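The structure appears right after this line, and notes come after that.
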Amino acid sequence: MPTLSPNAGELLMQRIEQLAAISESEHGLTRRFATPEHRRANDLFADWMKQAGMSVQEDAIGNVTGRYEGTTDSAPCIMLGSHLDTVVMAGKYDGMLGVLCGLACVEHLAASGQRLSHAIEVIAFADEEGVRYHSTFLGSRAVTGEFDLSLLDRLDKDGISMRDALIAFGKNPEEIGAAARQPGDIAAYLEVHIEQGPVLEQQGLGVGVVTGIAGATRMMVTLTGEAGHAGTVPMTLRRDALVGAADCIAAIEKICTGPVDLVGTVGAIDAKPGAGNVIPGSVGFSIDIRAAEDETRNTAVEAVKDHIKSVCEKRHLAVDIDTVHDEPSEACDPALIEHISGAIASCQPRVLTLTSGAGHDVMVMSHLTAAGLIFVRCAGGISHNPAESITAEDAWLGATVMLQTVLSLADATAH
Ligand code: GLV
Ligand code: MN
Ligand code: MN
């Protein structure tokens, strides 16, 4: 089976450093959807794809796509990709590795003038993390035709609507519908991503094949009490929203501890007015609950909501719970799992199957086409953290498995 050139891993790592240098924050990597930094990352990635001989387009949500034509005009493409947005204080590899592996595959084909019966498209999704607007998968949902236009009115923490952010990004939000692809356009979607967990490292393997991805629910909760003087209002007469939130957060940990695979996280909290001598009058916080089994997740979500309501009743707080993301678990395509497994078997001694606790664009793309996911080992399983780290050898291996999977898939489905 063909492999990428020996220096392709080093080139991937150099490009990851170039992308990681494009950050909103002076220290660490933060690149949220539709920011000037996202613009620079898209433009840099578009340049690399043009240099590889691809025709490049950017759709109205900000997905940038390069196309390397095949020999048959009418054949559906094989799409390779991941995302270019990041969390706050992110690692460098989450998302970036996948888009660069797709590009490396095309560069390999272009270097020898090889064309497959399918075109290859490489896509860098605009938003997978959902950090800026608390709604994930904005990019892939536009491609599958599932983008909810009412999201355009949602505000970020600075009061900027998604519509205005997209206009400033150079887009016409009215055209988002035109980003949708038809099922017959895409034969398969394939993604390489860091594992973001410790299993591959523990097993001494560089890559693995994913069989399914956990479902997730995200909620934004606002508790409203009454602000007051920290020195004068007796403890028994307070309606302290932050103490109410603390009670809820402790309960979320308790409810989500126990069932295997169930996890619950409060990752963001904002107490207002936010002064040391003022009783907090209102508090907003996020909740993220995930499980491989949808029933387990849904039961936990209901238990958490019930608990929040009872805390608010007891403490005389008003409550608003906004479910901003609700994605069921998703199985990867069985035929693609076979193709990926065959490619892995030719590169390493053992094929390991894994499930993913993290969300990926594969979940949404699988609504439109067969979708598959290749995991690459990361040090200590650490992710969503500046300490995220992989080796050039493993990056090379991930891209090589992607290339071999593409070739095997193109062979099996040649027109
Ligand atoms: C994406 O990284 C997620 O939150 O799973
Ligand atoms: Mn992520
Ligand atoms: Mn990711």
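The values are calculated or read from the model by the stated rules, or taken from the named source; none is laboratory data. Quick caveat: nothing in here was measured; it's all calculated off a predicted structure. For neighbour counting, all protein chains shown are included, and Cβ atoms are generated from backbone atoms with ideal geometry for every residue, glycine included. The protein model used for the area step is the full one, side chains on, heavy atoms only, and it has no ligands, DNA or RNA in it. Shrake-Rupley method; radii C 1.70, N 1.55, O 1.52, S 1.80 Å.
For His134, His118, His367, His27, give me the order by solvent-accessible area with a 1.4 Å probe, most accessible first, ignoring ligands, DNA and RNA.
On the way: His134 65, His118 0, His367 85, His27 135 Å².
Sorted descending by solvent-accessible area, the residues read His27, His367, His134, His118.
Packing-wise, with mean Cβ within 10 Å as the measure, how do 328-334, 254-260 rank, highest first?
On the way: 328-334: 17.9, 254-260: 14.0.
My ranking of the peptides, most packed first, is 328-334, 254-260.
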Can you give the convex hull volume of the alpha carbon atoms of the chain per residue, in Å³?
136
Extension gain from Asp43 to Lys272, taking 0.36 nm per residue of separation minus the Cα-Cα distance:
78.6 nm
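If Ile194, Ile382 are ordered by their accessible area, calculated over protein heavy atoms with a 1.4 Å probe, which sequence runs from highest to lowest? Working shown, then result.
Details: Ile194 0, Ile382 65 Å².
Ranking Ile194, Ile382 by accessible area, largest first, yields Ile382, Ile194.
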Hits among lysines - C-alpha to C-alpha of Lys50 under 28 Å, sequence gap 8 or more where chains match:
Lys92, Lys171
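Kindly sort Trp48, Trp396 by accessible area of their heavy atoms, largest first, with the probe set to 1.4 Å. Intermediate results must be reported in sequence, preceding the final value.
Values: Trp48 20, Trp396 60 Å².
From most accessible down to least: Trp396, Trp48.
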Amide H of Leu354 versus every other amide H placed in the peptide plane: which residues, excluding those fewer than 5 positions away on the same chain, fall under 5 Å?
Val209, Val210, Thr211
Could you state how much accessible area Asp306 has, in square angstrom rounded to the nearest 10, with a 1.4 Å probe and all protein chains kept in place?
90
Compute the Cα gyration tensor for segment 215-327, then decide on rounded, prolate or oblate, letting a ≥ b ≥ c be the square roots of its eigenvalues: rounded whenever a/c is under 1.5, prolate when a/b is larger than b/c in the other cases, and oblate in all that remain.
prolate
Efficiency of FRET from Cβ geometry, Asp306 and Met235, R₀ 30 Å, rounded to 0.05
0.70
Determine the per residue accessible area of segment 215-327 with all protein chains present and a 1.4 angstrom probe, expressed in square angstrom.
53
What accessible surface, in Å², does a 1.4 Å probe find on Lys272, ignoring ligands, DNA and RNA and rounding to the nearest 10?
110
What whole-number value in Å² describes the accessible area per residue of segment 86-200 for a 1.4 Å probe?
33
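Could you tell me what percent of the accessible area of segment 215-327 is made up of carbon and sulfur, with a 1.4 Å probe and every protein chain present? If you can, show how the numbers build up before the last one.
On the way: 3160 of 5940 Å².
Of the solvent-accessible surface of segment 215-327, carbon and sulfur hold 53 percent.
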With a/c under 1.5 counting as rounded, go ahead and sort segment 80-228 into rounded, prolate or oblate using the C-alpha gyration tensor (a ≥ b ≥ c being the square roots of the eigenvalues; past the cut-off, prolate if a/b is larger than b/c, else oblate).
oblate
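Once R0 is set to 60 Å, what does the formula 1/(1 + (r/R0)^6) return for the Cβ-Cβ distance between Asp185 and Ala379, expressed as a FRET efficiency to the nearest 0.05?
Values: r = 38 Å, r/R0 = 0.63.
The pair Asp185/Ala379 has a calculated efficiency of 0.95.
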Can you tell me the FRET efficiency between Gln18 and Glu295 if r is taken as the Cβ-Cβ distance and R0 is 56 Å, rounded to the nearest 0.05?
0.80
Once you've got the GNM for the chain with C-alpha springs shorter than 10 Å, pick whichever of Pro198, Pro349, Pro280 has the biggest mean-square fluctuation.
Pro349
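Tally Lys and Arg at +1 and Asp and Glu at -1 over the other residues with C-beta under 15 Å from the C-beta of Gln202: what net charge comes out? Show your work: numbers first, answer last.
Working: positive: Arg350, Arg377; negative: Glu195, Glu201, Asp394.
It works out to a net charge of -1.
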Name all residues of segment 1-43 having a backbone nitrogen under 11 Å from the label point set 7 Å from the Cα of Ala392 along its Cα→Cβ direction, giving them as ranges.
6-15
How much net charge surrounds Gly284 when only the other residues with a Cβ under 11 Å from the Cβ of Gly284 are counted, with Lys and Arg +1 and Asp and Glu -1?
-1
Using a cut-off of 23 Å between alpha-carbon atoms, which lysines can reach Lys314, once sequence neighbours fewer than 8 places away in the same chain are excluded?
Lys254, Lys272, Lys305
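Give the shape of segment 146-227 as rounded, prolate or oblate, defined through the alpha-carbon gyration tensor: a ≥ b ≥ c are the square roots of its eigenvalues, a/c under 1.5 means rounded, and otherwise the shape is prolate if a/b is larger than b/c and oblate if not.
Numbers: a/c = 2.60, a/b = 1.32, b/c = 1.97.
Because a/c hits 1.5 or more and a/b fails to exceed b/c, segment 146-227 counts as oblate.
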Backbone N under 16 Å from the His316 label point (7 Å along Cα→Cβ), restricted to segment 223-265:
224-229, 232-244
